[in-house]
Every structure is written in C-alpha cells, then in structure tokens.
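The values are calculated or read from the model by the stated rules, or taken from the named source; none is laboratory data. On a predicted model such as this, the values are computed, not experimentally measured, just so you know. No Cβ is skipped: glycine too gets one built from the backbone with ideal geometry, and neighbour counts run over all protein chains shown. Remember, those area values only see protein heavy atoms, side chains included, never the ligands or the DNA or RNA. Shrake-Rupley method; radii C 1.70, N 1.55, O 1.52, S 1.80 Å.
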Amino acid sequence: MDPILIFKALSNETRLQILHWLKEPDKYFPSQEGGDSKKIGVCVSHIQEKAGLSQSTVSQYLLMLQRAGLLEVNRYGQWTYYKRNEAALQQLSAYIRNQL
C-alpha cells in the first residue's frame, strides 16, 4: 500500500464519487448483460455515462484508482469491468486509524 498514491487518487471529487457508486453498484448502475455487478464489477461505459465525462477522462480516473490499488479490473472479451478492492480499502482504513 502506497498511501501517497492512494491519497492522490482520492483527491478528486469524481474519483471519490466513482468509489461511492461502486460500493452499491445495483443502486447506481443499470443491470448489465455480463452478470452480477458485485462479482464482476461495472462496465466502463456505465461508469462513464453516470459520471457524464468523456470516455478518456473516465478511463484515466479508473486507471489512477486501479494503480493506487483501490479498484480491481476484470476483462471479458471486449468489455472491461471495475469493482472496489475492499481489502485495500480496509487496509487504508486501518492505516488512517493507526497512523494518522
């Protein structure tokens, strides 16, 4: 866990919002053909539509969250799905609780 990388990723309102939406994907995103959004994640196109930003901007945001370890990525054919890395978020919570 790199706290600096994580805090940089969290320093943007939209990236924070994406993590919030992915906490309860069934509440914030439409159902998808790929399967259970809790298991496989949410398709990039759904995240982009919800954010109301360009595909390239959303892809950059998702990549930053992934590099920080906060998101997991699953690829099925041409589709890419993102979900929260709950273990990393728990580590972050413990770090804040114990170190800050």
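The label point for E33 and the one for L89, both projected 7 Å from the Cα toward the Cβ, are 2.8 nm apart. A simple rule links phi to the HN-Hα coupling: the Karplus curve 6.51 cos²θ - 1.76 cosθ + 1.60 with θ = phi - 60°, which for the stretch 62-75 gives 5, 5, 5, 5, 5, 4, 6, x, 8, 10, 10, 10, 10, 10 Hz, with x for Gly and Pro. Using a probe of 1.4 angstrom and keeping all protein chains present, the accessible surface of the chain works out to 62 square angstrom per residue.
Any idea which of H46, S31, Y82 is furthest toward the positive side of the dipole for the chain, if Lys and Arg beta-carbons carry +1 and Asp and Glu beta-carbons -1? Ranked along the dipole, the leading option is Y82.
Straight-line reach from K23: taking Cα to Cα under 19 Å and skipping same-chain neighbours fewer than 8 places apart, the aspartates and glutamates in range are E13, D36, E49, E72, E86.
Output wanted: per-residue J couplings in Hz (rounded whole) for the stretch 41-49, from phi through Karplus 6.51 cos²θ - 1.76 cosθ + 1.60, θ = phi - 60°, x for Gly and Pro. Running phi through 6.51 cos²θ - 1.76 cosθ + 1.60 with θ = phi - 60° gives x, 10, 4, 3, 4, 5, 5, 4, 4 Hz.
Of all lysines in the structure, those lying under 25 Å Cα to Cα from K27, and not within fewer than 8 positions of it along the same chain, are K38, K39, K50, K83. The H on the amide N of V42, modeled in the peptide plane, is under 5 Å from the matching H of Y82, K83, each at least 5 residues off or on a different chain.
Within the accessible surface of the stretch 18-100, defined with a 1.4 Å probe on protein heavy atoms only, the carbon and sulfur portion equals 46 percent.
Equivalent ellipsoid semi-axes for the chain, as square roots of 5 times the alpha carbon gyration tensor eigenvalues: give them largest first, rounded to whole Å. Write down the numbers at each step before the final one.
Working: eigenvalues 108, 42, 28 Å².
Values for the chain, descending: 23, 15, 12 Å.
FRET efficiency for the pair D2 and K23, taken as 1/(1 + (r/R0)^6) with r the Cβ-Cβ distance and R0 = 30 Å, rounds to 0.85.
Modelled this way, with points 7 Å down the Cα-to-C-beta line, the labels at L53 and N98 are 3.2 nm from one another. Computed from backbone phi, the HN-Hα couplings of the stretch 19-26 come to 4, 4, 4, 6, 5, 10, x, 5 Hz, rounded to whole numbers (Karplus: 6.51 cos²θ - 1.76 cosθ + 1.60, θ = phi - 60°; Gly and Pro given as x).
Would you calculate, for the chain, the mean residue ellipticity at 222 nm contributed by helices, counting each DSSP H stretch of 4 or more residues as -39,500 (n - 2.57) and dividing by all residues, to the nearest 500?
Mean residue ellipticity, 222 nm, calculated: -17000 deg cm²/dmol.
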